[in-house]
Amino acid sequence: MQKVADKFEIKHMYIDNEKDLYKLQGSKYVQSDIGDTYKQAKVFLEEGKQVLFSGTPCQIAGLKIFLNKEYANLLCVDISCEGVPNQKFFNDYIKFLEEKFNYPIIDFKFRNKDNGAWNTARVVVAVVDGKPEKYIIPTSQSSYFSLFINCYILRESCYNCQYTGLNRISDITVADAWGVDLEYPELNKKFAIADGMSLVLLNTEKGEKIFNKIASNVTYNPIDIEKLKKYNHPLRHPSVLTDDREYYLELYKNKGYAALDDKFMLNYKIKKRTFIDKIKSNFNNKEKVDALLMTMYANPNYGSILATYSLYETLSSLGITSKVIHYDTKKGYCLDFYKKYCKFTDKLFFLSDLKDLNKSTSTFILGSDNLINYKTDSLTNIARNLFNFSNLNKKRIIISGSMGDWNGKCKKFYEHIYLNALFKRFDYISTRENHGQKVLQNAFNCNADWINDPIFYLEKEKYETLISNVKTDYSNNIMQYILYPTNDTNEIVKYFENKYNAQSVEFQGNSNVLSYSGFEQDISVENWLSAIKNSKIIITDSFHCTAFALMFNKPVICVKNTHAPIRFLSLFEALNINIPIIENVQEINKYNFEYDKQKVNQNIANIRNFAREKIKNSINSPKQNILQQIFYSIVVFIFHSSNYIIKNLGKRFSIKTTTQ
Ligand SMILES: Cc1cc2nc3c(=O)[nH]c(=O)nc-3n(C[C@H](O)[C@H](O)[C@H](O)COP(=O)(O)OP(=O)(O)OC[C@H]3O[C@@H](n4cnc5c(N)ncnc54)[C@H](O)[C@@H]3O)c2cc1C
Ligand code: SF4
């Protein structure tokens, strides 16, 4: 990065010589100035020169509009882009660092690879003092990096970016292969994944041809992008607009970068929290309730929202007052739904706000959904979900917790010790899948009941009341709720449209993550539920949609969902039915989709009665295994408070799970 007249200028430039390539290398997480490069590119293209233009997808879109014609000699390369902060903001950060170090900064690298680590990126600051020196700032301690990576400070337009997803504007897209170690562990034999691995998407024939020319010089392996896109949000949807953005930018505007840095670092240094902050949070969360619920309430998924609602309502029907812990500050229509039906704690802004929750309840309940899935979440989040912040004297309960298809193995042995200690502090555990029950027994020596999803704990009449005001009539439609659409699922839907001579109504699911990303989502939770209750037939790859369809005794076609096979199998086992899960249209005629509705109703009633009994008992009975809990609370305390460990557990101790 070039510093000109006291400022870093991040700008596009051209090179025509391999030895100058270094000038372009390195990600700069700042908006770059395109300058004259569109014009220069046009001149070179008209002269017949081969031009490779790289940049953010919107810059490539700008180039294409500017050129207004196709050029065979143009190759466009973009990045998987979560967005950019502006240059003034970045330069204010640099000024802040200069004042802190008391030296001028002459260079800055966002992703230092000195120690070979790609996913524990470091900020490097070079300082002049006769001879330049290097400083490495861990990303978690760089306010700029952390604000960027958590998408708090991007340009406003980035939250509505039109260039995300897999339908790319360029011939080639480059990104980080986040998640490759989890999805393709066998590749470790071929590559040193820990040293870094890039993801290259070949989007056009031209891109493919160029790659084939250099293929013999690179070590690569084809992958299924469907598996990796879930770890890289710009390959699915734009960055999520959060309330925090407004908060931080206001602070920056009114008080300058130093005030922003100071406030931000409170997230990491609990001790530095001011007295006023503490009073404020005490005041806001002082109302006492019987239980506080940790759920996946902010997940952009109708099922997760209704699972939270159902657990909250179940407790309320048992005379247990509760609130949902509001730990996620993202915007979304789901909060509008909850406002009508559930109580929340105030938004938790600092990690220490979690500690303060101890004052407002005697019981912490972890609700259903993927809250303990080591394969999809960071250890920080899982530890929070398992109430690492809760005081020794509190009761801790897991109701229908889910760990997906995680087999209980951790990458590092101390991660296992930490999770083991967290589980051992619970007074009662039930898991949603019988798989989870086995994992807890085998990997952590913990007993757990197997109780299916909280949506079954309420009578179906309760849901009928919920949807009684929905005006849309779905009775002539087929309901389609496919979280991971493919050509096969489209064909299956078409088949049933023809068979029933009915149009399908499509409810969008995770792959578009509409509501969560600040997009307009005008189809309410109530509408979704009403469509299940009233459509002719339901076609879905969603666990909760299937569960509701069965509860309403509707015909349901289950389509294979590679992300969640275990939860389906466990559901069918709990209801003692055998519903086929199909992969393509050819399989339809092989199976009978009928099921025994009476048996389903009886088994749902059994789950409901069992769950309600267990919830009541676990909340009302005295605390269990006190000595064991004291011992493991000490272990948790050591893990929770040891800076050394937090630093050395590396990326799994990131503040939030987010791709970069
Ligand atoms: C603002 C930004 C956001 C990103 N977000 C993600 C993400 O969410 N997920 C992900 O997997 N990867 C993301 N990346 C891409 C990632 O950081 C790497 O650039 C990519 O994986 C390629 O790495 P590399 O080491 O091969 O190339 P690099 O040497 O890192 O360079 C990548 C290319 O991008 C160009 N470039 C660098 N900075 C900018 C900029 N500010 N504006 C325009 N072009 C630039 C470089 O000149 C080079 O051509 C982002 C990159 C940027 C610049
Ligand atoms: S997120 Fe979209 S709009 Fe923002 S810089 Fe990236 S490509 Fe451009």
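The values are calculated or read from the model by the stated rules, or taken from the named source; none is laboratory data. All figures in this text were calculated on a predicted structure; none of them were measured in a lab. For neighbour counting, all protein chains shown are included, and Cβ atoms are generated from backbone atoms with ideal geometry for every residue, glycine included. Just the protein is used for accessible areas: all its heavy atoms, side chains included, with ligands, DNA and RNA removed. Shrake-Rupley method; radii C 1.70, N 1.55, O 1.52, S 1.80 Å.
(1) away from ligand 2 (no atom under 16 Å from the Cβ); (2) under 22 Å from the mean Cα position of the chain (by Cα): which one isn't true of residue 206, the others all being true?
(2)
Within segment 1-72, which strands (runs of 3 or more DSSP E) (wholly inside it) include 2 or more residues that are within 15 Å of ligand 2 (Cβ to nearest atom)?
51-55
Do we find that residue 61 is surrounded by 14 or more Cβ atoms within 10 Å (Cβ to Cβ) and under 19 Å from residue 15 (Cβ atoms) in this structure?
no
Over 21 Å from residue 368 (Cα atoms) and assigned to a helix (DSSP H, G or I) - does that describe any residue in segment 556-571?
Residues of segment 556-571 over 21 Å from residue 368 (Cα atoms): 556-560.
From the residues that got through so far, the ones that are assigned to a helix (DSSP H, G or I) too are none.
Checked against the condition, which is being over 21 Å from residue 368 (Cα atoms) and assigned to a helix (DSSP H, G or I), segment 556-571 yields no hits at all.
Out of the residues in segment 179-192 meeting the condition of being modelled with pLDDT of 80 or more and more than 15 Å from residue 220 (Cα to Cα), tell me which one is most open to solvent (accessible area, probe 1.4 Å).
Result: 183.
List the strands (runs of 3 or more DSSP E) inside segment 400-506, counting only whole elements, that have at least 3 residues being surrounded by fewer than 17 Cβ atoms within 10 Å (Cβ to Cβ) and not charged (D, E, K, R).
none
Condition first: over 27 Å from residue 64 (Cβ atoms), within 21 Å of the chain's Cα centre (by Cα), within 16 Å of ligand 2 (Cβ to nearest atom) and part of a helix (DSSP H, G or I). Can you find one or more residues in segment 149-163 that meet it?
Within segment 149-163, the first condition is being over 27 Å from residue 64 (Cβ atoms), and the residues that meet it are 149-150, 152-153.
Still in the running and within 21 Å of the chain's Cα centre (by Cα): 149-150, 152-153.
Adding the requirement that they be within 16 Å of ligand 2 (Cβ to nearest atom) leaves 149-150, 152-153.
This time we only want the ones that are part of a helix (DSSP H, G or I), so: 149.
The answer is yes, given that some residue of segment 149-163 is over 27 Å from residue 64 (Cβ atoms), within 21 Å of the chain's Cα centre (by Cα), within 16 Å of ligand 2 (Cβ to nearest atom) and part of a helix (DSSP H, G or I).
Given the criteria open to solvent by 40 Å² or more (accessible area, probe 1.4 Å), modelled with pLDDT of 90 or more and not basic (Lys, Arg), does residue 141 qualify?
no
Looking at segment 48-65, is at least one residue in contact with a Phe, Trp or Tyr (Cβ under 9 Å, 6 or more places away or on another chain), more than 15 Å from ligand 1 (Cβ to nearest atom) and touching a residue at least 12 places away in the same chain (Cβ under 8 Å)?
yes
Considering only segment 1-22, how many residues are acidic (Asp, Glu) and surrounded by 14 or more Cβ atoms within 10 Å (Cβ to Cβ)?
1
Which of the residues spanning segment 12-36 are farther than 20 Å from residue 67 by Cα and within 32 Å of the chain's Cα centre (by Cα)?
24, 25, 26, 27, 28, 29, 30, 31
Criterion first (surrounded by fewer than 16 Cβ atoms within 10 Å (Cβ to Cβ) and either at pLDDT below 90 or in a strand (DSSP E or B) (or both)) does residue 339 satisfy it?
On the way: surrounded by fewer than 16 Cβ atoms within 10 Å (Cβ to Cβ): yes; either at pLDDT below 90 or in a strand (DSSP E or B) (or both): yes.
Yes, satisfied.
Go through segment 215-256 and give me each residue that's hydroxyl-bearing (Ser, Thr, Tyr), more than 30 Å from residue 190 (Cα to Cα) and open to solvent by 70 Å² or more (accessible area, probe 1.4 Å).
247
Just one of the numbered conditions (1) more than 29 Å from the chain's Cα centre (by Cα); (2) surrounded by 18 or more Cβ atoms within 10 Å (Cβ to Cβ); (3) not in a helix (DSSP H, G or I) is not true of residue 604; which one?
(3)
Can you say whether residue 70 is over 25 Å from residue 93 (Cβ atoms) and open to solvent by 60 Å² or more (accessible area, probe 1.4 Å), as far as the supplied structure shows?
On the way: over 25 Å from residue 93 (Cβ atoms): yes; open to solvent by 60 Å² or more (accessible area, probe 1.4 Å): yes.
Spelling it out, residue 70 is indeed over 25 Å from residue 93 (Cβ atoms) and open to solvent by 60 Å² or more (accessible area, probe 1.4 Å).
Taking the stated definitions as given, is residue 130 more than 20 Å from residue 252 (Cβ to Cβ) and at pLDDT below 70?
yes
Run down 245, 168 and say which single residue is within 15 Å of ligand 2 (Cβ to nearest atom) and part of a helix (DSSP H, G or I). Give the steps one after another, and end with the answer.
Values: 168 fails: part of a helix (DSSP H, G or I).
Result: 245 is the single residue among 245, 168 that is within 15 Å of ligand 2 (Cβ to nearest atom) and part of a helix (DSSP H, G or I).
Any idea which residue in segment 164-178 is farthest from ligand 1 (Cβ to nearest atom), counting only those that are surrounded by 18 or more Cβ atoms within 10 Å (Cβ to Cβ) and within 18 Å of the chain's Cα centre (by Cα)?
Among those that are surrounded by 18 or more Cβ atoms within 10 Å (Cβ to Cβ) and within 18 Å of the chain's Cα centre (by Cα), it is 164.
Do we find that residue 157 is within 30 Å of residue 410 (Cβ to Cβ) and among the small types (Gly, Ala, Ser) in this structure?
Here the answer is no, as residue 157 does not meet what is asked.
Kindly check whether there is at least one residue in segment 493-504 that is at pLDDT below 95 and more than 23 Å from residue 579 (Cβ to Cβ).
yes
What are the residues in segment 291-302 that are modelled with pLDDT under 95 and either assigned to a helix (DSSP H, G or I) or touching a Ser or Thr at 6+ places or on another chain (Cβ under 7 Å) (or both), if any?
Within segment 291-302, 295, 296, 297, 300, 302 meet the criteria.
Would a scan of segment 269-281 turn up a residue that is under 23 Å from the mean Cα position of the chain (by Cα), surrounded by 15 or more Cβ atoms within 10 Å (Cβ to Cβ) and either modelled with pLDDT of 90 or more or within 30 Å of residue 145 (Cβ to Cβ) (or both)? Let's see the steps before the verdict.
Step one: list which residues in segment 269-281 are under 23 Å from the mean Cα position of the chain (by Cα), which gives none.
Taking every residue of segment 269-281 in turn, none turns out to be under 23 Å from the mean Cα position of the chain (by Cα), surrounded by 15 or more Cβ atoms within 10 Å (Cβ to Cβ) and either modelled with pLDDT of 90 or more or within 30 Å of residue 145 (Cβ to Cβ) (or both).
Assess whether residue 305 counts as being in a loop (DSSP other than H, G, I, E, B) and modelled with pLDDT of 85 or more.
So residue 305 fails the test.
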